[in-house]
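Everything on this sheet refers to the single structure shown next.
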Amino acid sequence: MADKEILLQVEDLKMWFPITQGIIIQHHVGDIKAVDGLSFFIRRGETLGLVGESGCGKSTTGRAILQLYRPTGGDVYFQGHNLTQLKGEPLRRMRRQMQMIFQDPYASLNPRMTVGDIVGEPLEVHNIARGRELRERVMDLLEDVGLNRYFINRYPHEFSGGQRQRIGVARALAVGPEFIVCDEPISALDVSIQAQIINLLEEMQQKYHLTYLFIAHDLSVVRHISDRVAVMYLGKIVELTTRDQLYYDGRHPYTKALLSAVPIPDPAVEEKRQRTILTGDVPSPANPPKGCHFHTRCPVKIAGTCDVIEPEFKDIGNDHWVACHRVS
Amino acid sequence: MATLLQVKGLKTQFFTQDGVVNAVNAIDFDLNEGETLGIVGESGCGKSVSVLSLMRLIPTPPGRVVGGEAWFQGRDLIKMDNEEIRSVRGNKIAMIFQDPMTSLNPVLTINQQVSEALELHLGMDKRQARRRTVELLDLVRIPDAANRIDDYPHQFSGGMRQRVMIAMGLSCNPQLLIADEPTTALDVTIQAQITDLVRQLKNEIGMAVIWITHDLGIVAGLADRVNVMYAGFIIESADVKDLYADPRHPYTLGLLGSIPRLDAERKTRLTPIEGLPPDLIDMPPGCPFAPRCRYALDKCLTENPVLETVARRHTVACWVDVKGGSR
């Protein structure tokens with residue numbers, strides 16, 4: 001895996017949202033630093049998991065990469081093009097290569113469009129197919145994602161959550177992309193349905209040689225589907241490594257706490273587990289703590305260092321990056 | 001151990017325009033004093049409705065408890081009049097809900113909300129209630145409780161609000177705490193704080209807990225016994241270790257096979273349960289799980305199995321012995 005070519009490179013990505021005051025004349029009084037200086041890459045054909053708690057900026061990262069938000073700073077290189085510099089037609093052409101699957105299959109499908117229109121729209125927009133050919137393509141896509149090809153004239157409300165998410169997958173696949181951002185694609189689904197969608201995503205990846213950025217809050221799911229995992233906390237990546245190294249040799253104290261907080265469905269294992277239970281809550285991204293963002297909750301912080309100096313996101317070798325003063 | 005709660009044949013239906021929804025279908029279960037019971041199932045399986053029925057909190061109409069008994073300390077909760085059930089609810093039996101954002105009143109201070117139960121059920125005056133409120137907030141580990149008591153809910157984070165809900169639940173020293181997905185809306189590190197807190201409080205206070213969740217992981221670390229529900233039926237019930245080590249119902253097996261485990265050694269393919277849960281208005285005549293079941297026999301499509309004992313304290317509703325052959 002390590003020698004595979006790099007498909008997507010993110011450098012010092014920043015996405016700040018302004019906080020304003022005033023009704024008519026808006027004063028800029030601060031920023032919510034949702035994403036604050038991320039650097040990482042994704043290799044062709046791999047799945048990079050992005051995990052973190054709500055509000056840590058993981059979804060914003062996905063959207064900023066696809067240029068659904070224009071980043072405040074930093075660069076995103078995809079197949080050699082810097083997406084942050086592209087606009088208009090050249091950017092639109094790049095969008096054929098990059099698609100997204102959304103969290104809420106109830107909100108992300110237009111209730112007044114038929115399945116055929118929903119899945120066919122990207123084909124039309126990008127002038128890939130029209131007329132009969134388009135319908136054939138859509139039917140094939142539906143079959144691909146495990147739906148009946150004659151569902152093409154139905155409306156979203158006729159489908160269950162799992163089936164809707166399949167429609168969302170079909171729409172993302174329609175233009176034949178290289179790269180898909182999966183933003184919490186299973187968290188709105190029931191337990192027995194989640195596995196169906198995970199398996200579908202894995203099958204599609206194999207069949208079409210896709211590269212995924214898989215965003216989720218559930219570390220068990222992320223570890224299952226990903227080759228490498230990035231852990232985010234308050235707008236920053238604190239650790240990035242392979243799925244197994246993260247589990248067996250996670251170095252950042254937040255990673256360790258997160259791992260120990262995930263319940264394991266086995267009473268015998270649960271009984272023996274050592275838990276690190278973090279105190280307190282995630283601070284507000286509008287006013288993050290100085291130094292290391294995690295120091296307010298960190299069980300091993302060094303007074304005078306962690307609360308003053310921001311740790312560097314260091315390569316410690318063996319495909320492993322950590323941002324912590326305790327790790328050298 | 002003495003039995004604290006005994007539920008027999010509890011049946012709840014909702015009468016809607018589309019037809020009668022069979023939300024809970026004559027379920028039986030017992031709960032001992034000081035025991036933690038996990039109720040596991042997917043959305044719409046009747047896990048919340050079953051405990052809301054016990055507490056007589058089903059909105060009527062459209063819902064109604066159409067049959068069954070629920071014996072709690074020698075009295076049947078289902079037959080109580082409104083006055084009697086009010087003296088039990090929030091007093092002997094407390095309940096905390098999924099969404100701590102909406103279950104607190106935004107225009108009342110924390111003190112006003114926690115004190116209310118103390119004044120109502122225990123007859124305390126305002127000063128006593130205030131002192132007890134501070135004690136309770138300390139008990140649920142809210143830092144600096146004495147100063148935060150006059151804050152409003154919006155000044156608390158999600159995890160803190162759930163702690164306030166637990167403090168309210170504990171205010172009258174309940175014998176039973178019912179927790180309906182209390183951590184589903186919370187982040188995983190906050191979830192760990194709350195489950196840890198409940199585990200400690202249970203030992204300190206010695207109350208029984210019913211914990212409703214869809215997460216088999218939480219139940220594994222918290223419960224003594226587990227009821228697995230599907231389509232309004234309890235389909236398997238066992239001590240927690242037996243359920244995970246020796247699951248006997250195909251649905252339980254399916255659930256365990258379909259969730260990725262954090263500690264899985266290799267990347268293994270998940271085995272999903274194909275299909276969808278049945279429509280509760282138009283239930284299949286046989287076993288409700290039969291249309292999705294890998295082991296289904298002809299009999300399963302026509303006759304619904306009842307819970308039968310298969311091992312010590314382990315009951316299963318299935319015609320098939322998943323360990324080989326039909327029963």
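The values are calculated or read from the model by the stated rules, or taken from the named source; none is laboratory data. These figures come from a predicted structure and were not determined experimentally. All Cβ positions, glycine included, derive from the backbone under ideal geometry; neighbour counts span all protein chains shown.
Descriptive notes on the structure:
This table checks each residue for (1) more than 23 Å from residue B:304 (Cβ to Cβ); (2) touching a residue at least 40 places away in the same chain (Cβ under 8 Å); (3) in contact with a Lys or Arg (Cβ under 8 Å, 6 or more places away or on another chain); (4) in a loop (DSSP other than H, G, I, E, B).
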site	(1), (2), (3), (4)
B:25	no, yes, yes, no
B:56	yes, no, yes, yes
B:70	no, yes, yes, no
B:79	yes, no, no, yes
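- Candidate set: region B:243-272, residues that are buried (at least 20 other Cβ atoms within 10 Å of the Cβ) and not in a loop (DSSP other than H, G, I, E, B); chosen: the one nearest to the other protein chains (Cβ to nearest Cβ): B:258
- Region B:74-118 - residue that is of a type in the set (Val, Ile, Thr), over 13 Å from residue B:167 (Cα atoms) and under 21 Å from the mean Cα position of the chain (by Cα) and, of those, modelled with the lowest pLDDT: B:102
- Qualifying residue in region A:87-106 (condition: within 14 Å of another protein chain (Cβ to nearest Cβ), in contact (Cβ under 8 Å) with a residue 60 or more places away in the chain and over 30 Å from residue A:228 (Cβ atoms)): yes
- Residue in region A:265-281 that is under 19 Å from the mean Cα position of the chain (by Cα), farther than 30 Å from residue B:155 by Cβ and within 10 Å of chain B (Cβ to nearest Cβ) present: no
- Count of region B:97-113 residues which are in a loop (DSSP other than H, G, I, E, B) and free of Cβ contacts under 8 Å to residues at least 24 places away in the same chain: 1
- With a requirement of 2 or more residues that are touching a residue at least 12 places away in the same chain (Cβ under 8 Å), the helices (runs of 4 or more DSSP H) lying completely within region A:226-328 that satisfy it span A:243-249, A:253-261.
- Scanning region B:273-324 for residues that are in a loop (DSSP other than H, G, I, E, B) and more than 25 Å from residue B:23 (Cβ to Cβ) yields B:294, B:295, B:297, B:312, B:313, B:321, B:322, B:323, B:324.
- Leading residue by the ranking (surrounded by the most Cβ atoms within 10 Å (Cβ to Cβ)) among those in region A:51-109 that are basic (Lys, Arg) and outside any helix (DSSP H, G or I): A:96
- Conditions (1) within 27 Å of residue A:283 (Cβ to Cβ); (2) modelled with pLDDT under 95; (3) within 17 Å of the chain's Cα centre (by Cα); (4) crowded, with 22+ Cβ neighbours inside 10 Å: number failed by residue A:246: (3)
- Taking region A:118-224 and the helices (runs of 4 or more DSSP H) fully enclosed by it, the elements with 1 or more residues that are within 14 Å of chain B (Cβ to nearest Cβ) are at A:161-173, A:191-208.
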